[in-house]
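Here's the structure, in structure tokens; my notes come after.
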Amino acid sequence: MTKTKNTAELILDTAQSIVQDVGFNGFSYSHIAEKVGIRTASIHYYFPSKEDLGEALIVRYRKSFISAIDQIDSETQNNLEKFRKFILIYKAPVQECCTCMGVMFATDLATLSSKVQEGLAHLFTANLEWLERVLDQGRRNGHLNFEGAANVRAHQFLASLQGAQLLAKSFRDLSRFDMIADGLISALT
């Protein structure tokens, strides 16, 4: 890996950590520069504007999400187990008293560039399509039992996990996330 890629990735890692803690509007390049130990001009070299940084963050986050759900699909055919593993994706940031970047971007939606908004929509669509597919398969295979349309249940599941993150972060209490996640799993069996 070149030094350029390492620096750009370090900037993205740092920016993601900050976004997941305080939101996209809660920081400036100087915050990143201080944490990384570089000048703000160096950040502008890789990401000329904050919008460019936001676009890179959401694209990278979506790719990471796609990789995570592909891994879940490769690890198990049991749809209930897939949901348990999916919940762990949403639980990980909560363990650091943060929320997922999608939730944090959504809270800043009105101030984001159209490309970041579009990227966020693609991220949520990927979540919902996967959830709906696993719900449909699970009901057909007998792994899951629920009433109503799978697309409605997918929206409810995603919204519940996102809300669970916000509640857990607000109360600084991981058990609130776990309580909601356990209820989601119980509702599918």
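The values are calculated or read from the model by the stated rules, or taken from the named source; none is laboratory data. In this text the structure is predicted, and so the values were computed from the model without any measurement. When we count neighbours, we look across all protein chains shown, and the Cβ atoms used for this are built from the backbone with ideal geometry, even at glycine.
Give the stretch 155-175 a look and list any residue that's in contact (Cβ under 8 Å) with a residue 12 or more places away in the chain and over 18 Å from the mean Cα position of the chain (by Cα), or say none.
Within the stretch 155-175, R172 is the sole residue that qualifies.
Among the residues of the stretch 4-20, is any touching a Ser or Thr at 6+ places or on another chain (Cβ under 6 Å), in a helix (DSSP H, G or I), without any contact (Cβ under 8 Å) to a residue 40 or more places away in the chain and under 19 Å from E96 (Cα atoms)?
no
Hey, does the stretch 153-160 have a residue that's among the small types (G, A, S), at pLDDT below 95, assigned to a helix (DSSP H, G or I) and closer than 25 Å to L57 by Cβ?
no
Kindly indicate whether any position in the stretch 52-65 is charged (D, E, K, R), out of contact with any Gly (no Cβ under 8 Å at 6 or more places or on another chain) and closer than 30 Å to V134 by Cα.
Yes.
Please tell me if F65 is of a type outside the set (S, T, N, Q), closer than 18 Å to L144 by Cα and surrounded by 17 or more Cβ atoms within 10 Å (Cβ to Cβ).
For F65, the condition - of a type outside the set (S, T, N, Q), closer than 18 Å to L144 by Cα and surrounded by 17 or more Cβ atoms within 10 Å (Cβ to Cβ) - is not met.
In the stretch 144-154, how many are surrounded by fewer than 16 Cβ atoms within 10 Å (Cβ to Cβ) and touching a residue at least 12 places away in the same chain (Cβ under 8 Å)?
Here is the first cut: in the stretch 144-154, the ones surrounded by fewer than 16 Cβ atoms within 10 Å (Cβ to Cβ) are 145, 147-149, 151-152.
Going one step further and asking which of them are touching a residue at least 12 places away in the same chain (Cβ under 8 Å), we end up with 145, 151.
Number satisfying all stated conditions: 2.
(1) at pLDDT 95 or above; (2) farther than 23 Å from E9 by Cα: which one isn't true of T107, the others all being true?
Every condition holds for T107 apart from (1).
So which residues in the stretch 21-33 are of a type outside the set (A, V, I, L, M, F, W, C), surrounded by 17 or more Cβ atoms within 10 Å (Cβ to Cβ) and modelled with pLDDT of 95 or more, if there are any at all?
Residue satisfying the conditions is Y29 alone.
Can you tell me which residue is surrounded by the fewest Cβ atoms within 10 Å (Cβ to Cβ) among those in the stretch 106-135 that are more than 18 Å from H155 (Cα to Cα), touching a residue at least 24 places away in the same chain (Cβ under 8 Å) and not small (G, A, S)?
My answer is T111.
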